[in-house]
Amino acid sequence: MYVKLCGLRTAADVEVAVTAGADAVGFVFSTSARQVDLDTGRRLVREVPEGVLTVGVFSGVPAAEVRRVAEASGVGAVQLHGEYPREAFDEVAAAGTRLVRAVALIPGTDVRVGAFGEEMLLLDSPVAGSGHRWDLAALDGARPAGRWLLAGGLGVANVGAAVAQARPWGVDVSSGIESSRGVKDHGLMREFVAAARA
Ligand SMILES: O=C(O)c1ccccc1N[C@@H]1O[C@H](COP(=O)(O)O)[C@@H](O)[C@H]1O
């Protein structure tokens, strides 16, 4: 079970995520209570050992700016949420990063992994980073194949059941590992990684 912990903002967050065994760590560069500026993001990326994927998370940021921040911060991957067209993915890919496409599972959504050139698909609630759950029954008949991550309102108490029902390749979490909005709870981070893999 691939585990990504998102919305990290401090060196201590990064250290806990890495020692807990996260496969990927996310830094939000767009407007959010979890937003990090470029200098902070660059510094945190340097704290992450090789083997753990660093992901820059963006929503509503023009592709050219995403590419600039991705290059300047040194993230290994970019996660794009929302209405980005295929051309935006191509433009960001030119920075040499890996790509994660984040979408909500609503009618008409293309849920083929790689359809926009991405390596991983992330299925999330319609409001990214809100901690809202969504109806996993929507996956019936629309379950992607391959490298897709489940997100949206996951936490220590529900990740096991969610994984059993959705059968994702991996999971991603932000709100569920916080003590208050934007503040990571290091105990919950460790417990979440263990629970996701239990
Ligand atoms: O966390 C944010 O503030 C955020 C902002 C902009 C785009 C994505 C964001 N977070 C992503 O939301 C999902 C799930 O979050 P949650 O566990 O429901 O809080 C996760 O992929 C985050 O990367």
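The values are calculated or read from the model by the stated rules, or taken from the named source; none is laboratory data. Predicted, not measured: the structure shown is a model, and the values here were computed from it. As a convention, Cβ positions derive from the backbone with ideal geometry for all residues, glycine included, and neighbour counts pool all protein chains shown. When the accessible area is computed, the model is the full protein with side chains, heavy atoms only, and any ligands, DNA or RNA have been set aside. Shrake-Rupley method; radii C 1.70, N 1.55, O 1.52, S 1.80 Å.
Please state the shape class of region 104-162: rounded when a/c is under 1.5, otherwise prolate if a/b exceeds b/c and oblate if not, all from the C-alpha gyration tensor.
Verdict is prolate for region 104-162.
At a Förster radius of 45 Å, what calculated FRET efficiency corresponds to the Cβ-Cβ distance of A94 and R167, to the nearest 0.05?
Once the sixth-power term is evaluated, E becomes 0.85.
Rolling a 1.4 Å sphere over the protein heavy atoms, what is the accessible area per residue of the chain, to the nearest Å²?
Result: 43 Å² of accessible area for each residue.
Scan the chain and hand back the longest stretch that contains none of the trypsin sites (Lys or Arg not before Pro) lying in DSSP loops with at most 15 other Cβ atoms within 10 Å.
So the longest stretch without any such site is 1-111.
In the calculated pair distance distribution of region 57-139, what percentage of Cα-Cα distances lie above 19 Å?
Of the Cα pairs, 35 percent sit more than 19 Å apart.
What residue among T54, T109, T31 has the largest mean-square fluctuation in a Gaussian network model of the chain, using Cα springs under 10 Å?
T109
Once neighbouring chains are kept in place and the probe is 1.4 Å, which whole percent of the accessible area of region 2-196 is contributed by carbon and sulfur?
That share works out to 51 percent.
Under 8 Å for C-alpha pairs, at least 6 residues apart: give me the relative contact order for region 72-198, rounded to a whole percent.
18 percent
Over the heavy atoms of H132, what accessible area does a 1.4 Å probe trace out, to the nearest 10 Å²?
The accessible area of H132 comes to roughly 100 Å².
Restricting to bridges with both residues inside region 2-196, how much of the DSSP beta-bridge set is antiparallel, in percent to the nearest 5?
5 percent
Once label points are set 7 Å from the Cα along Cα→Cβ at both R133 and E15, what is their separation, rounded to one decimal in nm?
According to this spin-label approximation, the distance is 3.5 nm.
Please compute the Kirkwood hydrodynamic radius over the chain, one decimal place, Å, based on all pairs of different Cα atoms.
Answer for the chain: a Kirkwood hydrodynamic radius of 16.4 Å.
Each residue of region 117-126 in turn: what ³J(HN,Hα) in whole Hz from Karplus with 6.51, -1.76, 1.60 and θ = phi - 60°, glycine and Pro shown as x?
These are the phi-based 3J(HN,Hα) values: x, 7, 8, 10, 10, 10, 9, 10, 5, x Hz.
Roughly what would the spin-label model give for A33 and N158, points 7 Å off Cα along C-beta, in nm?
With each label point 7 Å from Cα toward Cβ, the separation is 1.7 nm.
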